[in-house]
Amino acid sequence: MSKQSSVSLILVLSLSVILGFGFQLWTKPPQPTSVSEMRSLALHPTSKATLLAANARQIFAKHHDEGWKLLWNIDSGKPIEQILTFKSHSDSVFILTSKRLYQGLLGSSQSDLLFTLSEKNHNILCMIIFEWSPQRWWLGTSRGIYETRDDGKSWSKLTSFSNEVISLLYAFNHQIYVGAGYQLYRGSPDSDFETVFALPYRILKQEADHPKTDSSPEKNASVDLRTFYDLNALVFTPTPQPTFWLATSNGVYRSFDGKTAWHRLSDEGLRNIHISHILYSRASNQLFAASNSGVYRFRSGHHSWHELYQGLESTLVFDISLMQDSSDTLAAVTGAGLALFAIQTEVPVSGPTPLPSEETLLLFKKLIALEPSARELHKAILQYNDVHPKKIKRWHSQSRLKSLIPSFSFGRDVATGNNIDIDRGSTSKPDRYIIGPDDHDEGWDMDISWDLGELIWSSSQTSIDSRSKLNVELRQELLSEATRIFYERRRLQTELIFQRAPSENEHIQKLIRMEELTSLLDALSDGLFNKRLRKIYKKDPNLRNLWLCCGTAHKTNSLNLYPLPR
């Protein structure tokens with residue numbers, strides 16, 4: 001059998017083993033509409049197993065294995081941004097566009113317009129209904145809070161938070177939490193609010209403090225608007241310990257009283273710390289978060305995040321929701337449409353983990369020493385993507401040296417003219433015109449000049465400075481992403497060595513993930529890892545033994561799969 005055939009057979013067997021053992025994957029159910037149009041999810045207010053989904057103009061419902069049912073068409077001129085449900089209004093779905101609030105009545109095709117925001121360049125961002133006072137609602141906008149006390153019949157603007165971007169509203173135990181800018185406030189609706197949390201620093205963006213969020217499909221079809229704001233979601237869980245979880249532009253924070261001592265969770269494993277959505281599954285006691293770079297599960301035992309990437313076609317996440325039936329199911333709206341993930345309870349590891357053999361440790365240390373370091377990776381990325389800081393310095397030097405090169409001009413002038421004279425006769429004789437030979441003039445000129453003032457200040461400096469800013473941003477983005485992938489790959493290698501998988505399918509899945517991370521690094525560095533690993537494994541084939549399956553229960557070599565370049 002040829003080498004290529006062997007590789008193909010290994011991949012086919014790998015996939016069949018994974019599917020045969022039922023490895024946890026995202027699944028793609030029937031879609032209610034075009035996958036590129038879906039934007040928001042919500043649960044039915046009386047049935048946690050019924051999912052509601054919305055695109056720019058329509059709202060659909062699906063229960064269990066039944067098909068999707070169209071509930072309403074909303075023709076507002078602006079696309080739907082969010083759909084929300086509340087226990088106090090079990091017969092309604094609330095539909096938010098950037099300028100309007102609608103109430104759809106379940107069981108009928110009726111939807112009523114309740115509120116229109118007339119302020120230009122400002123949009124509706126969030127909504128809350130007080131459980132203890134169901135007639136009282138708050139709408140958070142990019143310029144303050146609007147309130148109704150009669151189920152949306154009349155509205156007034158609150159004097160507090162009048163010029164703030166209100167990106168978060170949450171009601172709990174007769175207390176209201178308001179996310180305004182980068183600070184979280186708490187208070188009762190009719191009293192003063194106190195600051196209970198503030199981000200330790202503001203993440204500077206190109207958008208202003210009050211970003212424009214005109215989210216028409218043509219302009220922002222691939223943008224989750226929550227990525228513009230610092231405070232995005234707040235969740236309270238009563239078990240196993242009363243806890244508040246806060247999703248921010250700087251990761252996830254936790255507090256046990258909702259007032260003080262907010263602690264930031266580790267961002268290990270996150271590809272993007274700007275968290276736009278957060279959920280907690282009480283059935284499995286697991287925390288889930290989403291950003292525009294994927295969906296993650298927090299592993300409390302490891303104090304790290306684990307990306308749920310298997311089977312997810314797009315990592316751009318617009319919304320997530322938790323379906324609760326016999327078991328919890330995570331639903332996500334991504335750039336590739338709706339995807340579902342069956343949540344399984346993590347089984348804690350019992351007893352101490354056996355250490356690898358001394359031979360394995362020596363091989364692992366040798367491999368780490370031979371593989372490219374993070375510094376080598378950075379150098380390769382700077383060179384391959386042409387974003388080295390010296391590039392800008394070279395531009396500055398060259399722009400000044402340009403003044404030493406003279407400006408040279410060369411020209412030739414050619415002119416031709418007629419030579420005509422008049423011989424004026426007497427009164428009895430007419431005038432005569434005398435035409436002489438034509439005049440021909442030719443001239444040559446040459447000019448050489450220097451602008452030595454350019455040595456001090458070059459007119460190109462302004463253009464170079466603007467390009468320098470873009471170059472720095474691109475360089476930081478590339479290096480940050482490469483560093484994250486590099487150490488995620490390193491942690492996965494360590495896990496493969498020190499925490500051997502209990503089954504062959506899990507072991508193979510980890511190896512495939514490591515090959516994926518290696519390929520991502522190669523794409524950034526012109527194949528640095530592929531070239532180096534090819535030499536490493538060729539020189540010392542024993543290093544392949546590091547990736548043989550598995551734990552104490554399995555010692556098979558039926559699938560001799562290891563992350564070797566092909």
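What length, rounded to one decimal in nm, is gained on full extension from residue 397 through to residue 309, with 0.36 nm per residue of separation minus their alpha-carbon distance?
27.0 nm
Suppose R0 equals 35 Å; then what is the FRET efficiency for residue 237 and residue 154 from their Cβ-Cβ distance, rounded to the nearest 0.05? Before the final figure, lay out each step's value.
On the way: r = 36 Å, r/R0 = 1.02.
Calculated transfer efficiency: 0.45.
Find how much the distance from residue 65 to residue 516 grows on full extension, using 0.36 nm per residue of separation minus their present alpha carbon separation; answer in nm with one decimal.
159.0 nm
Which of the peptides 434-440, 476-482, 64-70 is most tightly packed, and how do the rest follow, going by the mean number of other Cβ atoms within 10 Å of each residue?
476-482, 64-70, 434-440
At what distance in nm do the modelled label points of residue 499 and residue 108 sit from each other, each positioned 7 Å from its Cα along Cα→Cβ?
So the two model labels end up 5.4 nm from each other.
To the nearest 0.05, how large is the calculated FRET efficiency for residue 535 and residue 422 if R₀ is 56 Å and r is the Cβ-Cβ distance? Walk me through the numbers on the way to the answer.
Values: r = 96 Å, r/R0 = 1.72.
After rounding to 0.05, the efficiency reads 0.05.
Would you mind ranking 267, 325 so that the residue whose beta carbon has the fewest other beta carbons within 10 Å leads the list?
By the 10 Å Cβ count, ascending: 325, 267.
Extending each Cα 7 Å along its Cβ direction at residue 357 and residue 544, get the distance between those two points in nm, one decimal.
Reported label-point gap for residue 357 and residue 544 is 1.8 nm.
Putting +1 on Lys and Arg Cβ atoms and -1 on Asp and Glu Cβ atoms, find which of 252, 341, 291 reaches farthest to the positive end of the dipole of segment 227-342.
Looking along the dipole axis, the top candidate is 252.
Read-outs: derived from the displayed coordinates by stated rules, not from any lab. Because the structure is a prediction, the values reported are computed rather than measured. Note that each Cβ is placed from the backbone with ideal geometry, even for glycine, and that neighbours are counted across all protein chains shown.
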